[in-house]
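Q: Pasting in a structure now, in structure tokens, and then I'll have a few things to ask.
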Amino acid sequence: MTAPHDVAIDGDGPVGCTLALALAAQGLRVALRGLAPAAANQGTQDLRAYALNWD
């Protein structure tokens with residue numbers, strides 16, 4: 001029996017989602033698990049800023 005995915009990523013923040021997309025583009029079956037930040041569930045704004053690049 002084969003596994004339903006090749007890679008499991010625990011964390012659906014910007015880095016986890018970026019990794020999931022990159023691995024899926026390579027043909028891997030990816031499972032992404034996680035929850036939105038608690039602040040997002042309480043109606044407050046999440047003011048974090050991110051900068052991601054290939055370097």
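No lab work stands behind these numbers, since they all come straight from the coordinates. Every value quoted in this text rests on a predicted model; they were computed, and no experiment measured them. Cβ coordinates were reconstructed from backbone atoms using ideal geometry, including for glycine residues, and neighbour counts include every protein chain displayed.
Q: For the pair L35 and C17, how long in nm is the line joining their label points, each one 7 Å along Cα→Cβ?
A: 1.8
Q: Express in nm, to one decimal, how much length is gained between H5 and L47 on full extension, taking 0.36 nm for each residue of separation and deducting their alpha carbon distance.
A: Using 0.36 nm per residue and subtracting the Cα-Cα distance, I get 11.8 nm.
Q: Could you order the peptides 21-27, 7-13, 48-54 from most to least packed, using the average number of other C-beta atoms within 10 Å per residue?
A: Order by mean packing, descending: 7-13, 21-27, 48-54.
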